[in-house]
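The structure under discussion appears below in the form of structure tokens.
The values are calculated or read from the model by the stated rules, or taken from the named source; none is laboratory data. Fair warning: this is a prediction, and the values are worked out from it, not measured in the lab. Cβ coordinates were reconstructed from backbone atoms using ideal geometry, including for glycine residues, and neighbour counts include every protein chain displayed. Side chains are part of the model used for accessible areas, which takes the heavy atoms of the whole protein and leaves out ligands, DNA and RNA. Shrake-Rupley method; radii C 1.70, N 1.55, O 1.52, S 1.80 Å.
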Amino acid sequence: RDVERSRGLGDVYKRQTKLSTLALFSNKLSGNIPIELNKLSNLKILSFSYNNFIGPLPHNICISGKLMNFTANDNFFTGPLPKSLKNCSSLVRLRLDQNQLTGNIADDFGVYPNLDYIDLSENKLYGHLSQNWGKCYKLTSLKISNNNLSGSIPVELSQATNLHVLHLTSNHFTGGIPEDLGKLTYLFDLSLDNNNLSRNVPIQIASLKNLKTLKLGANNFIGLIPNHLGNLVNLLHLNLSQNKFRASIPSEFGKLKYLRSLDLSKNFLSGTIAPLLRELKSLETLNLSHNNLSGDLSSLEEMVSLISVDI
């Protein structure tokens, strides 16, 4: 049945060479993508999302240079990324997340002057993060979590000044957070957790006044928790767990009035559970476990929104 269905789609493609939009998302389609799709030279919008497709993506998907929106997320695609994507300067939106795609991400992507959104998360991509992403000046969301990327976070990424969301979670990045990321003033979600990042957290991160989510957990950060993070007054979620932070919880955290979740577990924090915590009236989840904290818990009495506490 899958073979017959695939042949049927192939016949449609042969007759529709002027097709500009093909949307097949959210069905129960399966099997391979017919090779005839490579002949659709006028495609601007193509979506395979939320199906059960297998096999490789069409290698000439952007051979015409007109493709603007390509989404193939939530399938079972395998093999390398289409080579024609590297020079597809027309791209505005690209979603290939939640597949099993492979390849060296440094070689497979170029510069995209019109790109607004890209999600490559949950694949098997490897290699270093290219400096070219900093030249995608219209980019607002860059998501490449849950892959096998390595090397350092390029400082050139700070040139993509329209970034609102940066997700690099669950890779193998090393080195420190570039200080220049503090120039990404539109960022509201910075998620770098579960990597091998180290050194001190740069105080320039406190310049990101619009941050609502900051996730730096499960790395190798050292030193003190920067008290300047208390200036991120719009934060909703803060995760600094599973690092090597020492000394006390910064008193400045009392200024995080909108904070809903705070995870400082599995560090080397000491001192008392600061009275400042009683100022966090919106906090719902608090994890301070696996530290060297002492004192009493009286500061928790006035935290009226708490749902979960782990000490």
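With unit charges on the beta carbon (Lys/Arg positive, Asp/Glu negative), name the residue among Ser84, Gly103, His128 whose Cα is farthest towards the positive pole of the charge dipole of region 55-129.
Ser84
Per 0.36 nm of contour for each residue apart, how much would the distance between Thr285 and Lys44 grow if the chain were fully extended, relative to their Cα-Cα spacing? Let's see the in-between values first.
On the way: separation 241, 0.36 × 241 = 86.76 nm, distance 4.44 nm.
Residue separation times 0.36 nm, minus the Cα-Cα distance, leaves 82.3 nm.
Please give the charge dipole size of region 147-223, origin at the Cα centre, charges +1 on K and R Cβ atoms and -1 on D and E Cβ atoms. Round to the nearest 20 debye. Intermediate results must be reported in sequence, preceding the final value.
Details: 5 positive and 5 negative charges, 34 e Å.
The calculated dipole for region 147-223 is roughly 160 debye.
Over all alpha-carbon pairs of region 215-271, lay out the pair-distance distribution in 5 Å bins, whole %, shortest bin first.
For region 215-271, the binned pair fractions read 5, 20, 31, 27, 15, 1 percent.
Which whole-Hz ³J(HN,Hα) couplings does region 83-96 yield from phi under the Karplus relation 6.51 cos²θ - 1.76 cosθ + 1.60, θ = phi - 60°, glycine and proline marked x?
Couplings: 4, 5, 5, 4, 10, 8, 5, 7, 4, 10, 9, 9, 10, 10 Hz.
Using the Cα centre of the chain as the reference point, and only Cβ charges (+1 on K/R, -1 on D/E), how large is the resulting charge dipole? Debye, rounded to the nearest 20. Numbers along the way, then the final one.
Values: 31 positive and 24 negative charges, 219 e Å.
In debye, rounded to 20, the chain gives about 1060.
Non-local amide H neighbours of Gly55 (under 5 Å, H modeled in plane, Pro and chain starts lacking H): which ones?
Counting only residues 5 or more places away or on other chains, the set is Thr78.
Relative to the first principal axis of the alpha-carbon coordinates of the chain, what is the inclination of helix 2-15, with its axis defined by its Cα atoms, in degrees from 0 to 90 and to the nearest 10?
Relative to the chain, helix 2-15 is tipped by roughly 70 degrees.
Could you give the nm distance between label points at Thr17 and Ile203, where each point is 7 Å from its Cα heading toward the beta carbon?
About 6.5 nm, to one decimal.
I'd like the carbon and sulfur percentage of the solvent accessible area for the chain, probe radius 1.4 Å, heavy atoms only, ligands and nucleic acids excluded.
Values: 6870 of 14050 Å².
Using a 1.4 Å probe with all protein chains present, the chain comes out at 49 percent carbon and sulfur.
Find the Rg to Rh ratio for region 45-85, where Rh is the Kirkwood radius over alpha-carbon pairs and Rg uses the same atoms.
0.95
I'd like to check one number: the per residue accessible area of region 93-200, probe 1.4 Å, reported in Å² as a whole number. Kindly include the intermediate steps, with their values, before the conclusion.
Values: 4040 Å² over 108 residues.
Per-residue value: 37 Å².
Filter the trypsin sites (Lys or Arg not before Pro) in region 218-311 to those in DSSP coil with at most 15 other Cβ atoms within 10 Å of their Cβ, and list the result.
Details: sites: Lys244, Arg246, Lys255, Lys257, Arg260, Lys266, Arg278, Lys281; in loops: Lys257, Arg260, Lys266, Lys281.
When the trypsin sites (Lys or Arg not before Pro) of region 218-311 are filtered for loop state and at most 15 Cβ neighbours within 10 Å, Lys257, Lys281 remain.
Set Lys and Arg Cβ to +1 and Asp and Glu Cβ to -1, take the dipole of the chain about its Cα centre, and tell me which of Thr285, Leu235, Phe221 lies farthest positive.
Result: Leu235.
Amide H to amide H under 5 Å from Ile153: which residues, 5+ apart in sequence or cross-chain, H placed 1.01 Å off N in plane?
Residues meeting the criterion, in which the H sits 1.01 Å from N, are Thr174.
When 1/r is averaged over all different Cα pairs and the result inverted, which Kirkwood radius in Å belongs to region 7-125?
On the way: mean 1/r = 0.0707 Å⁻¹.
It is 14.2 Å.
May I ask which of Lys83/Lys138; Lys86/Lys244; Lys212/Lys244; Lys143/Lys244 have a Cα-Cα span longer than 28 Å here? Please report the intermediate quantities before stating the final value.
Details: Lys83/Lys138 22 Å; Lys86/Lys244 39 Å; Lys212/Lys244 23 Å; Lys143/Lys244 26 Å.
Checking Cα-Cα distances, Lys86/Lys244 exceed 28 Å.
Along the charge dipole of the chain, which of Leu300, Tyr112, Ser191 sits closest to the positive end, that is, farthest toward it, with unit charges on the beta carbon of Lys, Arg, Asp and Glu (+1, +1, -1, -1)?
Checking the options against the dipole of the chain, the answer is Tyr112.
Which value results for Rg/Rh of region 177-270 when Rg is the Cα radius of gyration and Rh the Kirkwood radius based on the inverse mean 1/r? Could you put the intermediate results ahead of the total?
On the way: Rg = 11.9 Å, Rh = 13.0 Å.
With Rg and the Kirkwood Rh in hand, the quotient comes to 0.92.
Among 159-168, 36-45, how do they line up from the highest to the lowest mean number of other beta-carbon atoms within 10 Å? Mind showing how you got there, number by number?
Details: 159-168: 19.3, 36-45: 17.2.
Descending packing order for the listed peptides: 159-168, 36-45.
How big is D, in µm² s⁻¹, for region 230-311 by Stokes-Einstein at 25 °C and 0.890 mPa s if Rh is the Kirkwood radius over C-alpha pairs?
Rounded, D is 197 µm²/s.
Considering every Cα-Cα pair within the chain, what fraction, in whole percent, is farther apart than 35 Å? Numbers along the way, then the final one.
Numbers: 15598 of 48205 pairs.
Counting every Cα pair in the chain, those more than 35 Å apart make up 32 percent.
So, counting K/R as plus one and D/E as minus one, what does the shell of residues with Cβ under 9 Å around Ser305 add up to? Provide the component values of the computation, followed by the final result.
Numbers: positive: Arg260, Lys281; negative: Glu284.
Residues near Ser305 contribute +1 overall.
Each residue of region 50-63 in turn: what ³J(HN,Hα) in whole Hz from Karplus with 6.51, -1.76, 1.60 and θ = phi - 60°, glycine and Pro shown as x?
6, 9, 10, 5, 10, x, x, 6, x, 6, 9, 4, 10, 5
Quick one: Cα convex hull volume of region 76-234, Å³ per residue? Mind showing how you got there, number by number?
Working: hull volume 14.2 nm³, N = 159.
Measuring per residue, one finds 89 Å³ for the Cα hull of region 76-234.
Roughly speaking, what is the centre-to-centre gap between region 128-170 and region 224-273 when only Cα atoms are used, to the nearest Å?
25 Å
What Kirkwood Rh does region 120-170 have if only Cα atoms enter the pairwise 1/r average? Answer in Å. Write out the running numbers ahead of the final one.
Numbers: mean 1/r = 0.0898 Å⁻¹.
Computed over region 120-170, the radius equals 11.1 Å.
With n ≥ 4 as the cut-off for DSSP H runs, can you work out [θ] at 222 nm for the chain, using -39500 (n - 2.57) per run divided by the number of residues, rounded to the nearest 500?
Values: 2 runs with 18 residues, N = 311.
About -1500 deg cm²/dmol.
If I model a spin label as a point 7 Å beyond the Cα along the Cα-Cβ vector, how far apart are those points for Asp310 and Lys83 in nm?
Result: 4.8 nm between the two label points.
Read phi for every residue in region 271-284 and hand back ³J(HN,Hα) as whole Hz from Karplus 6.51 cos²θ - 1.76 cosθ + 1.60, θ = phi - 60°, with x for Gly and Pro.
x, 8, 6, 4, x, 4, 4, 5, 7, 8, 5, 9, 5, 9
Would you work out the charge dipole size for region 42-123 about its Cα centre, treating the Cβ of every Lys and Arg as +1 and the Cβ of every Asp and Glu as -1, and quote it to the nearest 20 debye? Let's see the in-between values first.
On the way: 6 positive and 7 negative charges, 74 e Å.
With only Lys, Arg, Asp and Glu charged at Cβ, the dipole is about 360 debye.
Can you list residues whose amide H is under 5 Å from Ala218's amide H, if they're 5+ apart or on another chain and H is modeled 1.01 Å from N?
Asn194, Ser241, Gln242, Asn243
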